[in-house]
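A.B. asks: Can you read through this structure? Questions will come right after.
A short reminder: the numbers here are calculations on the coordinates, not readings from a lab. Quick caveat, the model's predicted, so the values are computed rather than measured. Neighbour counts are summed over all protein chains in view; Cβ atoms, including those assigned to glycine, are modelled from backbone coordinates with ideal geometry.
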Amino acid sequence: MSNPSGAVRGLTVAEKIISAHAGRAVRAGELVIARIDGVMATDATGPLAIVAFSEMGGKRVWDPAKVSLILDHAAPAPNERVSNLHGMMRAFAREQGCHFYDIGAGICHQLMVENEHVRPGDLFLGADSHTPTYGALNAFACGVGSTDLAGALLTGRTWLKVPETIRINLVGRMPSGVTAKDVALKLVGLIGAEGANYRAVEFAGPAIREMSLSPRMTLANLASEMGAKTGLVDPAGLTLPYDFVPTSPDPDAEYCVIHSVDIGDLRPQVARPHSPGNVSPIDDVLGVRIDAGFIGSCTNARLDDLRAAARILRGRRLAAGVRLIIAPVSRRVFNHALADGTIAALSEAGATFIPAGCGPCVGTHEGVPGDGEVVISTANRNYQGRMGNPNAQIYLASPAVVAASVLAGAIADPAVVAP
Amino acid sequence: MTAPPSGDAALRGVAHVYDLDDIDTDRIIPGKRTKTLVVADMARYALEDLDPGFARRAQAGDILVVGRNFGCGSSREQAPMALKAAGMALVIGRSFARIFYRNAINIGLPVLEIGDRPHAIATGHTLEVDAEAGRISDLSDGMTYSASQLPRVMLDILRGGGLVNYLVKYGNYRLLGQPGEDS
């Protein structure tokens, strides 16, 4: 891509990964047909994908070792209709010999990462909008619908437009008590719910170099709430259980926007109803009465998240009349949290555990709020009706803020409730 | 490379206008209503939490007119499916969230982007639309508007009625008519 005049700029991570999968060097704005390293679908999107695959004349998926089906959105099945859809996915997975994760195994995105179905540098399509989560691994991962997924099952390829990239440089160190969720919410508020539509987002900065995989996943996950096609976290400082070659942007890569965001004095952040972009510092919402808390979702239900909640709730009790529902992100995380006493501390404080899976985040079952009720949640969306009732109010925050709030019965600062 | 305008490319329908930004997929169809393969069930719940009367008033061939970032949120293809099943022949929006946009084209529901310019399209107006050419005529007040055009690959998918038919016909993806490609 270089030329003697030096006029051609360097490449972004998105341009590099897509070029490697398109068989030619491509730049933002080009339409390409690209090879895919892996795909996944859930019980929310898989049944329609299976129908579309069959209508396309599909008999065998292009590569069963690269296909995963997961039951997580309404699992265990809340009714016979969903149970029958689950049965359809079990049968398809058996016929095709692809990877299959039954109820209780966990949330699709966690399972793809835990089981190494997605790796750094991959181009991955998931039939779920939070697929950009794998950008934590420095993979180009993109959410699609069921029919696009069926096309990938059939051909092992997809078409896409190479996105422009928004670069976010985080400046400063995260203050104690502030988490990747607070940073991510701050950025969603800054970029807006549409601000990254059709674009990739690169996250970089010294604060990220110190992050383990879990907070990187939280950050990449919320790129979806900026409308991004994918979110890519700088691989500097990332350690994985296997060797990998990081993909870094060229120093002279061309970005459509570069934001420098100082997080040195960031306060815990909360998204108010009914948009994840409606973000303010916790100080603006302290004391808002709540009825329930939810710790779960692909955003914030990993071991570090459960431990953060347990640190605050251990030896205490939920406020009278307040309930707390917890859905660990995966069975593996649940088992770790069982072994180290985290589950006991949370349960003794009054938390109700539900199976690893999406739980009430998608409003299907396991904790639909009542009319007029207020929920504070670690999930990623607070749209009207998101948790199954359009007459409920949902606030989004970090696990520590949710834990402090269920103790206080109102939105509370963890530094005050449990210093 | 644009196809010549043809008479039968034009759609005529009655507008339902919700000129709001960020109408998310949960308001297009709540998650709890999506766990079905029965399209008629989805139709009944289209825009349920935004306007409970919409599905009852919607007629086959009607046109939905919306604001910015329509369809943000979930990847659920049930969102455009519910609108199509409720009778919508077309969605005109100021802009669309990317997954919704792809999903709509993939199931054969045309979507037209008209940007931020003011318009006077109101609920009940009759619109005549040439989706391929991006031309919108409001027959109720005589105003006309233009929309951005779809890339060729999306036009190809839309012309056949969606991605299923496209892949049945071609067996794989092709990028005819793009810069650097032969057409």
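A.B. asks: Looking only at region B:74-112, count every residue that is more than 8 Å from every other protein chain (Cβ to nearest Cβ), over 14 Å from A:Asn197 (Cβ atoms) and assigned to a loop (DSSP other than H, G, I, E, B) and tell me the total.
C.D. replies: Result for region B:74-112: 7.
A.B. asks: Another question, if that's okay. Condition first: under 13 Å from the mean Cα position of the chain (by Cα), over 29 Å from A:Glu30 (Cβ atoms) and not hydrophobic (A, V, I, L, M, F, W, C). Can you find one or more residues in region B:118-126 that meet it?
C.D. replies: First pass over region B:118-126, keeping only residues under 13 Å from the mean Cα position of the chain (by Cα): none.
No.
A.B. asks: With the checklist (1) farther than 23 Å from B:Lys35 by Cα; (2) within 25 Å of the chain's Cα centre (by Cα) in hand, flag the one item A:Gly57 doesn't pass.
C.D. replies: Unmet condition: (2).
A.B. asks: Just to be sure I understand the filter: pairs with C-beta atoms under 6 Å, separated by 6 or more residues or on different chains, first member in region B:148-159 and farther than 11 Å from B:Ala133 by Cβ and within 12 Å of chain A (Cβ to nearest Cβ), second member of a type outside the set (A, V, I, L, M, F, W, C) and assigned to a helix (DSSP H, G or I). Which pairs pass?
C.D. replies: Here the result reads B:Ile157/B:Tyr166, each pair linking region B:148-159 to a residue that is of a type outside the set (A, V, I, L, M, F, W, C) and assigned to a helix (DSSP H, G or I).
A.B. asks: OK, next. If you take the residues in region B:21-63 that are within 17 Å of the chain's Cα centre (by Cα) and among the small types (Gly, Ala, Ser), which one is nearest to the other protein chains (Cβ to nearest Cβ)?
C.D. replies: Ranking the candidates gives B:Ala46 first.
A.B. asks: Do the conditions hold for A:Gly151, that is, is it touching an Asp or Glu at 6+ places or on another chain (Cβ under 6 Å), buried (at least 24 other Cβ atoms within 10 Å of the Cβ) and farther than 17 Å from A:Arg216 by Cα?
C.D. replies: no
A.B. asks: Find the strands (runs of 3 or more DSSP E) located wholly in region A:1-120 whose residues include 2 or more that are away from chain B (no Cβ under 12 Å), and list them. Before you say what the answer is, go through the steps one by one.
C.D. replies: Details: elements: A:31-35, A:38-42, A:67-70, A:99-101.
By residue number, A:38-42, A:67-70, A:99-101.
A.B. asks: Taking only region A:223-245 into account, find how many residues are β-branched (Val, Ile, Thr) and surrounded by 15 or more Cβ atoms within 10 Å (Cβ to Cβ).
C.D. replies: Qualifying residue count for the region: 2.
A.B. asks: Output the number of the condition that B:Arg117 fails; it satisfies all remaining conditions of (1) more than 14 Å from chain A (Cβ to nearest Cβ); (2) more than 27 Å from B:Leu37 (Cβ to Cβ); (3) surrounded by 16 or more Cβ atoms within 10 Å (Cβ to Cβ).
C.D. replies: Going through (1) more than 14 Å from chain A (Cβ to nearest Cβ); (2) more than 27 Å from B:Leu37 (Cβ to Cβ); (3) surrounded by 16 or more Cβ atoms within 10 Å (Cβ to Cβ) one by one, B:Arg117 breaks only (3).
A.B. asks: Take the conditions out of contact with any His (no Cβ under 9 Å at 6 or more places or on another chain) and under 21 Å from A:Ser405 (Cβ atoms) and apply them to A:Ala236. Does it pass?
C.D. replies: Spelling it out, it is not the case that A:Ala236 is out of contact with any His (no Cβ under 9 Å at 6 or more places or on another chain) and under 21 Å from A:Ser405 (Cβ atoms).
A.B. asks: Still on this structure, please answer the following. Among what's in region A:133-147 and is in a helix (DSSP H, G or I), more than 11 Å from chain B (Cβ to nearest Cβ) and more than 20 Å from A:Pro328 (Cβ to Cβ), pick the residue that is nearest to the chain's Cα centre (by Cα).
C.D. replies: Step by step, filter region A:133-147, then rank; the result is A:Gly135.
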